[in-house]
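**Student:** Have a look at this one.
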Amino acid sequence: MNAKIKKTPLNMIFWIVILVLWQLISLVYGPEILPGPLYTAKGGYELLADGTLLQYIGISAYRVLLGWTLGSLIAVPVGIVIGKVGAIRAFAEPFLNFIRFIPPIAFITLFLVWFGIGETSKVMLIMYATFFIVILNTLTGVLSVEEDKIRSARSMGASEWQIVIHVIIPSTVPYIFTGIRLAMGTSFMAIIGAEMIASNEGVGYLIWNSRLFFRTDWIFVGLICLGLMGFLTDRAVALLGRKLLSRYGVVSTTSLRR
């Protein structure tokens, strides 16, 4: 309890120092190049007043959550199958190790051609960004299951399906959870690239379009919103993981600090 009390003032001091330094540096370069916190707050108020900011945040959040959820739901069973079946893994693993080095933003043009300029291309891009991170973490988790556990289950008469359900999946849950959290960050990077190139809505569009009016304060507002969206989403996922998956060995960074 005392540690928490001491930590709170330190956090406040840290953020106050950051804001003061930000404001001082902005005075040197001018608000057109580097808007200070007050100038940025004013720009944020303008966007809030006309409803643009909340609308864009909602659209970007919807795209990210939909693509991230779909990509994770598909990747987890595929990763388990690849990890469990050696014949499939022999063909799939080299392909996964090849394609995972191609960033999602490199596929934007192709996805626009394949799926159009509507929502489908953006959701598919986020699914791509999510899929390979989750599948590789799931595959790693399956391969890390101790062979002794599998042999013990077999010796007690468990079928292969029962081994997957009661041995492999519970042991793999921490790896799956880590992959899902990592994929969330990649999903935000993917949607910003897509919204900058082919969208007229969203936080990425706000950041990209603001350059036309030389509104660097709006750009900073968009960047701050992205950081807050990612931070709050990650904290929510970590909280759910700690509450629902703690029996599988999932420990969030929040609980580690306590």
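The values are calculated or read from the model by the stated rules, or taken from the named source; none is laboratory data. Every value quoted in this text rests on a predicted model; they were computed, and no experiment measured them. Here the Cβ positions follow ideal geometry from the backbone for every residue, glycine too, while neighbour counts run over all protein chains shown.
**Student:** Out of curiosity, is Ile192 at pLDDT 85 or above, part of a helix (DSSP H, G or I) and either of a type in the set (Ser, Thr, Tyr) or surrounded by 19 or more Cβ atoms within 10 Å (Cβ to Cβ) (or both)? Reasoning before the result, please.
**Tutor:** Details: at pLDDT 85 or above: no; part of a helix (DSSP H, G or I): yes; either of a type in the set (Ser, Thr, Tyr) or surrounded by 19 or more Cβ atoms within 10 Å (Cβ to Cβ) (or both): yes.
Taking the combined requirement at face value, the residue does not satisfy it.
**Student:** Moving on. Take Val76 and decide whether it is under 30 Å from Ser144 (Cα atoms) and surrounded by fewer than 18 Cβ atoms within 10 Å (Cβ to Cβ).
**Tutor:** no
**Student:** I need every pair where a residue in the range 34-53 that is over 14 Å from Cys225 (Cβ atoms) has its Cβ under 9 Å from the Cβ of a residue that is part of a helix (DSSP H, G or I) and small (Gly, Ala, Ser), sequence separation at least 6 or different chains.
**Tutor:** Going by the 9 Å Cβ cut-off, the qualifying pairs are Leu34/Ser26; Pro35/Ser26; Pro35/Gly43; Gly36/Ser26; Pro37/Ser26; Leu38/Ser26; Tyr39/Ser26.
**Student:** Further question: How do the pairs read when you match residues in the range 154-171 that are closer than 15 Å to Ser144 by Cβ with residues anywhere that are outside any helix (DSSP H, G or I), using Cβ under 7 Å and keeping only pairs 6 or more apart or on different chains?
**Tutor:** Val167/Val145; Ile168/Val145; Ser171/Val145
**Student:** Looking only at the range 74-90, which residues are more than 13 Å from Thr140 (Cα to Cα) and modelled with pLDDT under 90?
**Tutor:** Result: Val85, Gly86, Ala87, Ile88, Ala90.
**Student:** Given the criterion farther than 26 Å from Tyr205 by Cβ, under 22 Å from the mean Cα position of the chain (by Cα) and surrounded by fewer than 22 Cβ atoms within 10 Å (Cβ to Cβ), identify the matching residue among Leu136, Leu182.
**Tutor:** Numbers: Leu182 fails: farther than 26 Å from Tyr205 by Cβ.
Going through Leu136, Leu182 in turn, just one is farther than 26 Å from Tyr205 by Cβ, under 22 Å from the mean Cα position of the chain (by Cα) and surrounded by fewer than 22 Cβ atoms within 10 Å (Cβ to Cβ): Leu136.
**Student:** Looking only at helices (runs of 4 or more DSSP H) that fall completely inside the range 118-177, which ones have 3 or more residues that are in contact with a Pro (Cβ under 8 Å, 6 or more places away or on another chain) and assigned by TED's automatic domain parsing to the domain that holds Ala61?
**Tutor:** Output list reads 119-143.
**Student:** Of the residues that sit in the range 39-73 and are crowded, with 21+ Cβ neighbours inside 10 Å, among the polar types (S, T, N, Q) and under 20 Å from the mean Cα position of the chain (by Cα), which one is nearest to Leu139 (Cα to Cα)?
**Tutor:** The extreme case among them is Ser72.
**Student:** Follow-up question, since we're still on this one. Whether any residue in the range 197-215 is out of contact with any strand residue (DSSP E or B) (no Cβ under 8 Å at 6 or more places or on another chain), under 15 Å from Leu65 (Cα atoms) and either modelled with pLDDT under 90 or in a helix (DSSP H, G or I) (or both) is what I want to check.
**Tutor:** The answer is yes, given that some residue of the range 197-215 is out of contact with any strand residue (DSSP E or B) (no Cβ under 8 Å at 6 or more places or on another chain), under 15 Å from Leu65 (Cα atoms) and either modelled with pLDDT under 90 or in a helix (DSSP H, G or I) (or both).
**Student:** Could we say that Thr216 is surrounded by 13 or more Cβ atoms within 10 Å (Cβ to Cβ), closer than 28 Å to Phe101 by Cβ and assigned by TED's automatic domain parsing to the domain that holds Ala75 here?
**Tutor:** No.
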